[in-house]
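In what follows, a structure is listed as structure tokens, so that the remarks can point back to it.
Rule-based calculations on the coordinates, nothing more; no lab input. This one's a predicted model, so the numbers in the text were calculated from it and none came from an experiment. As a convention, Cβ positions derive from the backbone with ideal geometry for all residues, glycine included, and neighbour counts pool all protein chains shown.
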Amino acid sequence: MSLKQRIIVGALTGALGIAGAVVTWFEGRSLVTYLDPVGIPTICDGITSGVQLGQAATEAECDALLAEELGKAMGAVDRLAVHEQPDTRRAALASFVYNVGAGAFARSTLLRLLNAGDAAGACAELSRWVYAGGKQLSGLVKRRATERELCEVGL
């Protein structure tokens, strides 16, 4: 199933479903730990919190971790954004927060612009977040382009 098809299916369940489609598409799933491009131990769908090399997980454990972490990311978006956002923008921002963390989002120019009512400027900021470990990563360029496209729906 293509990313576009996944997003359409995810839209049936709202922002969380859309965000889940984006996250799983770009993160991929590994049942054993691996080092991400900057050397952080990672498992399942990009989970890093508390992960150590040598760990393994089941599909069910990965599903539970994804739901928990995606819920936290969506919660951070809803808590930190002062204006109500459409589902597509909430989904894009939740995918972003899932990837960079709530702290980075809280300190970002993106959030400052969003809270100032400049949704277009906030969405444009996503394109700047394509570096990890000081290097531009093609996977992040593609992910941010998708997140930006979702963020800009309706502008």
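Numbers at a glance
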| quantity | calculated |
| --- | --- |
| About the Cα centre, charge dipole magnitude for the stretch 10-155 (Lys/Arg +1, Asp/Glu -1 at Cβ), debye | 520 |
| Val141, Val82, Val51 arranged by Cβ crowding within 10 Å, fewest neighbours leading | Val82, Val141, Val51 |
| The stretch 3-151: relative contact order as a whole-number percent, Cα under 8 Å and 6+ apart | 20 |
| Mean-position separation - Cα centroids, the stretch 38-98 and the stretch 106-143, in angstrom | 17 |
| Exposure proxy ranking, count of Cβ atoms within 10 Å, fewest first, for Ile40, Ile18, Ile7 | Ile40, Ile7, Ile18 |
| Top of Glu61, Glu69, Glu27 by mean-square fluctuation, Gaussian network on the chain, Cα under 10 Å | Glu61 |
| Calculated FRET efficiency for the pair Arg79/Ala116, C-beta based, R₀ 22 Å, to 0.05 | 0.80 |
| Sites matching trypsin sites (Lys or Arg not before Pro) across the stretch 1-109 that sit in DSSP coil, with at most 15 neighbouring C-beta atoms within 10 Å | Arg29, Arg107 |
| DSSP H segments from the chain that extend 15 Å or more along their own axis, Cα-based, with Kyte-Doolittle mean of 1.0 or above | 15-27 |
| Residue of Ala92, Ala19, Ala60 that the Gaussian network model of the chain assigns the largest fluctuation, springs spanning Cα pairs under 10 Å | Ala60 |
| Cα gyration tensor category, rounded, prolate or oblate, for the chain with a/c compared to 1.5 | prolate |
| Residue with peak Gaussian network fluctuation, the chain [Cα springs, cutoff 10 Å], from Gly39, Gly71, Gly20 | Gly39 |
| Fewest-first sequence of Arg148, Arg143 by Cβ atoms within 10 Å of each Cβ | Arg148, Arg143 |
| Backbone HN-Hα couplings from phi across the stretch 118-125 [Karplus 6.51/-1.76/1.60, Hz, Gly and Pro as x] | 9, 5, 4, x, 4, 4, 4, 4 |
